[in-house]
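Engineer: Pasting in a structure now, in structure tokens, and then I'll have a few things to ask.
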Amino acid sequence: MPNLDNFEELQYQSDVTAPALLGPRLIDHPEHAEDFNLWTQLLDFRLRVDGIHGALGIWQGIQQRKLELPTSGEYATKLWSAIASVAIQYDILQEVWQYTVKLAQKTNRRYDGLYEWIIGHFLRTRPTQVMPWHRKFGEIGLPVAGSLSNLVDDAMCTKKSLTTFERLYNEANDHSVYDRMITCLCERGRYDEAVKWHRLLVKVDDLPSSASIADPLRDYLASKVDQLVLKEITNDLVEKGVSFAQTIPRTLNKNTKISREIMSRMLGESHGVTPKRIPDRFSARMFATRAFSVDFVIAGLTSFGFDVLGPLTMQELALRCKSAEDLTARIAQLEKLNVQLSPCTYVQLVRRLAEEGRSAMLDAIVQSDQHPEVYEDRKIQRQLLDQYIRIQDWHQVHRTLTILTAFHDDQESEGWNIMLRSHMIKGNMKMVHEVFNDMLLNGVRVTPGTLQCSFFKLLRPRNAGKRPISLSKHVDDLSFVTAMWLKILRFGGHVPAAAWNQIHNYYGMEGRLHELERLTLWLIAFYSRQSLSAAKIPSGRFTIGHRRRIVPSQTDYQFDLRRIFGHTRQSAIVSWSFKSIGWGAKKLARLSRLDALAPASTATNLGRYETWARGVALLRIMKQRGIPVHQATVRKAVRQRLLVLFGPGRSNRLDNRVAVAQNSMSLCYMVRYLNNVWKSNLLNVPLALLRMEGPDAERLLRRIVLGSHVAEHAAGLVRTKSRPVKNQFRLALS
């Protein structure tokens, strides 16, 4: 079996619609034809590299092979969710629908979640399409019980969405939406609509599962002194005989319109009076006293107005509980008694770990010798992480990463990125390489903070307008960072276009023309390819599983190219190549060796040109490949460099003075050679003059080529102050 940890192998195996030029793919072997674990791996890879367009390729491959997809289980969810996104994004719903109908007719199976994907999409975007598609799904026995409850959030988008959902509800035989509908409407403050929906739902015996579902609505009506509606809702639930009917009073006291709790809360809010609170240390001591049972402590504290569970109390409560499930039940018990949880990091982290059932990590956090207040200080936690990594205490590393990523949207991704940044800060290239490759293979996104860290911590410092400083123990940090960034792009990640300008500057300032040329042509090919792909995809948002992603438009990619290769960059490319005139033999020999190793392509092998003219040759190739290179920009940059070599002034830069001293070429020769490289008259010099020889011809040529620039030089060229390199890079990431 091929190694699917290899990028090239994964790329070949996942390109399921292309001819199998390198031999049959795994999925075309009989033993793997219905290996849906393999199919989901290929889908994940294509999504990372090509986004939704990659998912389209997988769907086309499934159709070509007449594959019958599973309709239940983990693999079914992944595959069908991707197919639903493809159907919506590429407007091929009919194609997917026909496949679904054939599958149902042949196997009597269908994926229930497809109904929610399609109807949910139309509820959000085109409510008029909801009912026709609902009736279509009815042909194959959808929706199933519970499906409409999952569509309530989509129905909240607009008034038209909710009206359409009402029609859908009246037509469908799924009476299980009370809990979700009333909760959503109350959370959004839409109480009048909640009353309307309560009446509609109760009529068809769609009832709440517990009294707490209707409590927000009843509390609101009590606060508004709307006794009639409050009595109506209460009587509805009692008369329908809900399981919790005995907890609801059958008659309401005429004089009790608002409960004491609601009245106290309203008065406190209106007069700015905050309730007295029991100190966290006191309640923590109560829970720590083993002589009292937990129930006794809770009853005693709440009777004295205990209403906030602080970090110290949470720690002691967690230590008294026997398991994560026990702690979750205790927290729920306290919440029912109107005890709020403190918003601090420690309390929320312990609660999340308990709810997720992560018992080992919960024990590590609760029994740690760190004070709960330390959890709020991210700077201290990062310092601890660096220390634990240095001594290789992986248990402590895992715990600290859990703390740092507790409330991040993507905890796993943030944990990986924090670990990678820690290795970057210490300059451990080996560990950076290993962790980075693991992240890519596991589909973990490299964040802008990590990208910025790689620039500032792995690359040698460079001042604006200066080459990077030399180090005694020099490693090729520039190639290392460039390779990282290119891999991020290949795996479907994002590197801001303007950030490449700084990498360009490093290569140019170091005189590494060969690598500069290769990077330039690779970026043009990559962004042009992405631009062509984006032209087939409507820009906007699409959803895969539970993740939302922005699809850049074709214009976005073209804008990226313009940002990377603007007028300033084009002028710099000319300048860097001209500076090679002053290079020593060792540097020129290195460039020749790299050229010799490059593929012998007549279109891109710039080694056939003289070194000083390679910048102009590169710009001509860039122009051929669609980059807006203006001859006026190239002409101005060339004239400025010729002015340094042949002008009357003396440069204050050492490399310019060395170039002047070592230059053995005449102006006439250089102009002729540049015309040959550019394939046209670059400097607008009369061709007859270039065929003339002698000092008079040279003098006239200088006047034509350098005339206006000599005047500028004499007057003193005005230069704008460059931003510091750090500010330029941060601006690029913003």
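Engineer: Is it the case, given these coordinates, that residue 364 is surrounded by fewer than 16 Cβ atoms within 10 Å (Cβ to Cβ), among the small types (Gly, Ala, Ser) and out of contact with any Leu (no Cβ under 7 Å at 6 or more places or on another chain)? Spell out how you get there, then give the answer.
Structural biologist: Numbers: surrounded by fewer than 16 Cβ atoms within 10 Å (Cβ to Cβ): no; among the small types (Gly, Ala, Ser): yes; out of contact with any Leu (no Cβ under 7 Å at 6 or more places or on another chain): yes.
So residue 364 fails the test.
Engineer: Determine whether region 78-93 contains at least one residue that is within 29 Å of residue 8 (Cβ to Cβ), within 31 Å of the chain's Cα centre (by Cα), surrounded by fewer than 19 Cβ atoms within 10 Å (Cβ to Cβ) and of a type in the set (Asp, Glu).
Structural biologist: No, region 78-93 has no match at all.
Engineer: Taking region 82-108 as the region of interest, how many residues are assigned to a loop (DSSP other than H, G, I, E, B) and without any contact (Cβ under 8 Å) to a residue 12 or more places away in the chain?
Structural biologist: The number of residues fulfilling the criteria is 3.
Engineer: Within region 322-347, take every residue that is over 24 Å from residue 405 (Cβ atoms) and among the hydrophobic types (A, V, I, L, M, F, W, C) and give me the one that is surrounded by the fewest Cβ atoms within 10 Å (Cβ to Cβ).
Structural biologist: Residue satisfying both the conditions and the ranking: 332.
Engineer: Just for region 497-508: of the residues that are farther than 10 Å from residue 478 by Cβ and part of a helix (DSSP H, G or I), which one is nearest to the chain's Cα centre (by Cα)?
Structural biologist: 499
Engineer: Is it the case that residue 288 is modelled with pLDDT of 85 or more, among the aliphatic types (A, V, I, L, M) and under 20 Å from residue 360 (Cα atoms)?
Structural biologist: In short, no.
Engineer: Could you run through region 186-196 and say how many residues are part of a helix (DSSP H, G or I) and closer than 14 Å to residue 219 by Cα? Lay out the reasoning, then the answer.
Structural biologist: Of all residues in region 186-196, those part of a helix (DSSP H, G or I) come to 186-187, 191-196.
Filter once more, keeping what is closer than 14 Å to residue 219 by Cα: 186-187, 191-192, 194-195.
Within region 186-196, residues that are part of a helix (DSSP H, G or I) and closer than 14 Å to residue 219 by Cα number 6.
Engineer: Another one. How about region 28-46: which of its residues are part of a helix (DSSP H, G or I) and over 30 Å from the mean Cα position of the chain (by Cα)?
Structural biologist: Across region 28-46, the qualifying residues are 28, 30, 31, 32.
Engineer: Can you name the residue in region 47-71 that is assigned to a loop (DSSP other than H, G, I, E, B) and either touching a residue at least 12 places away in the same chain (Cβ under 8 Å) or touching a Cys at 6+ places or on another chain (Cβ under 7 Å) (or both) and, of all such residues, is surrounded by the most Cβ atoms within 10 Å (Cβ to Cβ)?
Structural biologist: Filtering first and then ranking leaves 51.
Engineer: Quick one: which residue in 56, 42, 114 is over 30 Å from residue 157 (Cβ atoms) and either of a type in the set (A, V, I, L, M) or touching a His at 6+ places or on another chain (Cβ under 7 Å) (or both)?
Structural biologist: It is 42.
Engineer: So, one more: Taking the options 688, 659, 617, name whichever one is exposed (fewer than 15 other Cβ atoms within 10 Å of the Cβ) and assigned to a helix (DSSP H, G or I). Walk me through how you get there before you give the answer.
Structural biologist: Working: 659 fails: exposed (fewer than 15 other Cβ atoms within 10 Å of the Cβ); 617 fails: exposed (fewer than 15 other Cβ atoms within 10 Å of the Cβ).
That would be 688, the only listed residue that is exposed (fewer than 15 other Cβ atoms within 10 Å of the Cβ) and assigned to a helix (DSSP H, G or I).
The values are calculated or read from the model by the stated rules, or taken from the named source; none is laboratory data. On a predicted model such as this, the values are computed, not experimentally measured, just so you know. All Cβ positions, glycine included, derive from the backbone under ideal geometry; neighbour counts span all protein chains shown.
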